[in-house]
1. Assuming 0.36 nm per residue, please report the length gained on full extension of the stretch C:LYS225 to C:ASN263 beyond their Cα-Cα distance.
2. Would you calculate the volume per residue, in Å³, of the smallest convex hull containing every Cα atom of the protein assembly as shown?
3. Take the Cα atoms of the stretch A:154-263, find their three principal axes, and give me the spread along each one in whole Å, biggest first.
4. Show me A:112-123, C:14-25 ranked by packing, highest mean number of other Cβ atoms within 10 Å first.
5. Tell me, how many Å apart are the Cα centres for the stretch B:364-393 and for the stretch B:303-353?
6. Projected area of the stretch C:77-142, taken from the Cα convex hull and averaged over every viewing direction, in nm²?
7. Where Rh denotes the Kirkwood radius from the mean inverse Cα pair distance, what is Rg over Rh for chain A?
8. What's the center-to-center distance, using Cα atoms, between the stretch B:168-231 and the stretch B:61-110 in Å?
Amino acid sequence: MNTLTISPSPHVHSGDSVKKNMYGVVIALLPALAASLYYFGLGALIVTLAAVLSCVFFEWAIQKFLLKTEASILDGSAALTGLLLAFNMPTNLPIWIIIIGSLVAIGIGKMSFGGLGNNIFNPALVGRVFLLISFPVQMTLWPEPGKNMTAYLDATTGATPLSVMKEGLANGETVSALMDKIPSITELFYGNMGGSAGEVAAVALIIGLIYMLIRKIITWHIPVTVIGTIAVFTGILHLVNPELYAGPLFHLLTGGVMLGAIFMATDYVTSPMSNKGMVIFGIGIGIITVVIRVFGAYPEGVSFAIIIMNGFVPLIDKYIKPKRFGEVAKTTKA
Amino acid sequence: MLKTFSLGGVHPAENKFSAGKKIEVLPIPEQVSVPIAQHIGAPSEPVVKKGDEVKVGQLIAKSTGFVSANIHSPVSGKVFKIDDVLDASGYKRKAIIIKVEGDEWNEDIDRSDDLKTDITLSGEEIVKKVGESGIVGLGGATFPAQVKLSVPPGKTCDVLILNAVECEPYLTADHQLMMEKGEEIMIGTEILMKALKVTKAIIGIENNKPDAIAHMSELAQKHEGITVESLKVQYPQGGEKQLIDACIKRQIPSGKLPIEVGAVVQNVGTTFAVYEAIQKNKPLFERVVTVTGKSIEKPSNFMARVGTPVSNLIEAAGGLPEDTGKVIGGGPMMGKALSSIDVPITKGSSGILIMPEKIATRKPVQNCIRCSKCVSVCPMGLSPYLLMTVSDKAVWDRAEEEKIMDCIECGSCSYTCPSSRPLLDYIRLGKGKVGQIMRSRTK
Amino acid sequence: MNVVLITIISLGALGTLAAIILYFVAQKFKVFEDPRIDQVEEALPAANCGGCGFPGCRAFAEAMVKADDISDLNCPVGGADTMSAAAAILGKEVEAAAPMVAVVRCNGTCENRPRITNYDGATSCTIASSLYGGDTGCSYGCYGLGECVDACAFDAMYMDEKTGLPVIIEDNCVSCGACVDACPKNIIELRKKGPKSRRIYVSCVNKDKGAPAKKACSVACISCKKCQKACPFEAITIDNNLAYIDYEKCKLCRKCVTECPTNAIHELNFPPKKPKVEKPAPEAAE
């Protein structure tokens, strides 16, 4: 007979693991990756590979040489950060910038806080925001969809619908006139527009969301509240003055709202722990996004909104507790 | 929509291998060791000494307080010695060891199988008799039954809930008992209703036992006030607080007992024991024990005498498999890993679960990724991740603030954690410490 | 130029005003504190270990200043020097407390005490102790999970990989007692350091009777009472099947050490017995 093992209960485990969750998110991102390859061709492939490989490399190198701990690159979290980082960059970005972005994402965004689970800000967004501030020109040259299948650095670029809207409104044009200059809502839904590698195709991202909800990787709270808040907020503005403020569908389908709401804001580590907290977090992201987009200087505000709300997560967790059993008991007593 | 409790919950693989297996009477062992501490509360005081002759059902250790229980001899024979014996607690504790000679029962025990339906005793007499018969909660918590039946002054009870949920995977003891002793359980329920002076009783059964639901519902039609509630298969449906919430939608406030919302919960096994004690004058000295596991040859339900070594039960179920890595007393979610198969079974042993080596060990612990799954499965609405951290860092005042004492130790958090973190281990540690602090404060 | 001047004057005036307000506020809310508390705190080691029984050095300093009789107070970390320095500030004198050191009273190494089960829970002795008596036949001995080492703030302990037992680095040990409190089995004891760090103690806490104790661990105390008979100073008591040497009475004659049939009685830092060498014992433990 073998020696008996003694451990406290429970003696069974669900079989869930970090790896399963991380690769689950990667699988959910595959439709968006396919859409990205379809619209941006070679550039999307190069950017994605460069970001994923450099993120994994930096994670391995930092753990091996700096921290001298066991490398955890197989859990998929570094690959996921790389993939999300790539999805947040234009597809004609030079490789050296991508590598800097990966270093910042993994090194500063994640490892300096103590590795997986300890970071305050979403690492991919830390990388992206760092690049956006450091290389504003390169980070806002958007290859046009469908025209650059074999081009990479030399891709023809154009404006994103959001920047068209922002600049047009600044020049005194009306929303209805500007709507004619950008692709139709259906095309926006399918992703036929300029933008970051992974953010364009709303339909692909929604497929990913459904997959993650079915596999119970995430709950509905964050994506629904972010999208809902943006829709309600922009809807009210649109009703107030339809010629000054674009409608909710335009805001939802352009820029990084879908990618942000579904994949970036729902990052386990940097989102609140309770359902109520998640709802507050989502509402905060929605409001800040719209404020930046409509009243701020940048045409796009999703990544800033998420990073700002990331900073509030510890506070939310401290004050917003899950509903406890027995709290409503007073009213039910016969 | 089936009824269930309001917060959290998980659904582990049910693995009820021994379902539908007839209850077999286990042969009496050559020697039994009966621990004197096999219930919650004060250990009993032995009233026999070395060399005494005892009969089956004779009192061998008496209750030492309000929360304590009598212990009766499960066998007839001679007291060999009273000594420290390794029991399910993992420690050596005092036990009465009896060498078995024959099987001679106390004369006043009715050994016939006849169903006795008239309840002659009054409510108070029932409570007293239940106490004398050493009946404790047989679901595993082993809380003395007469304490629950004594409604404290100022409180009222309006409903009795019978816990027939058996939400622990693998275990089938209660299920089988309902199938075979349904009538007796119904009478037992009436006895308990009389003792509690209530007119309503609900039998809560999880929906994965349709035969038991059908059988009990049919029997319940003949008994006024008793209804069967079919419940969703969700762990921990059998937790006292969860069961009350599921059946009558009343939530017990933090730190309070079920009587606060006018309910008393008893296990079906306990109810059967009550029937036997009141109608047949038979104290509690044997119980149904499930012996099960993926690797075991013959998963079975046995009627076994208290004090029988676990090894005897395993032998009767086909022997201990070669690749055994863990032997658990109870179910896989809340049971206790045994450090030896020679420990005796007690009143609280609902099952013996054998786990093969390859699934017996835990996976390596990883960083918390703050996925919040532990929060979403917690049936008490706590934050297990936080409780683990504060317990580990010994921040006891924060642990108390976060209601660590509300934890029912169901293990859903550790079960579900993707990083395989030992959440419950630390929460239990914290509960122990915070409990100590709180008790020292009231003194 | 004008702008610069206005700026300087207005900021200067603002600063002065703020300073005046602050001065009066500070005067009004001044809390009188005995200046000796600061002086005593200065004299303490500032380790904030809690070994004195107070939460930190400042609380201890306050207690010292307040107390009329300071003979009950002792800073084990600083030892006699610190205590007399602190007492001198208060114009008092202290008797030098005998230096103490932590001793691990279990010798259940992997060889001496075979493992019969395999622990697979969280790495915490307290958690393990809530489950069972230990992974060996002895339910009193060390779990080897190192809660005492974690509790030690002075790097005075480490887990010996080979034996699975904690080892105390005598030179670093300040006898704060953190490990004693951490051990759920009460294995670690603070004992008198002894002259030249020489000590004799029973390295076992097993309260089982002789036969099961010996079966579980080859170096267990089997309560044979030979040591008790051998001791000329009545320093050894046997309680609950376990011998204990009172360090106040023990004269370090070592008669019990040779008498013990299971080698459960340990001597530390004595020179080798047979060839009598007049050299002082080596400083480091083990």
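1. Working: separation 38, 0.36 × 38 = 13.68 nm, distance 1.32 nm.
Between C:LYS225 and C:ASN263, full extension yields an extra 12.4 nm.
2. Details: hull volume 278.7 nm³, N = 1063.
About 262 Å³ per residue, rounded to a whole number.
3. Between the extreme Cα coordinates on each principal axis of the stretch A:154-263 lie 47, 42, 19 Å.
4. Answer by packing, highest mean first, reads A:112-123, C:14-25.
5. 31
6. Numbers: hull surface 29.1 nm².
Dividing the Cα hull surface by four gives the mean projection, 7.3 nm².
7. Working: Rg = 21.2 Å, Rh = 20.8 Å.
For chain A, the value is 1.02.
8. Between the Cα centres of the stretch B:168-231 and the stretch B:61-110 lies a distance of 30 Å.
Coordinate-derived values only; no laboratory data. These numbers come from a predicted model, not from an experiment. We place every Cβ from the backbone using ideal geometry, glycine too, and count neighbours over all the protein chains shown.
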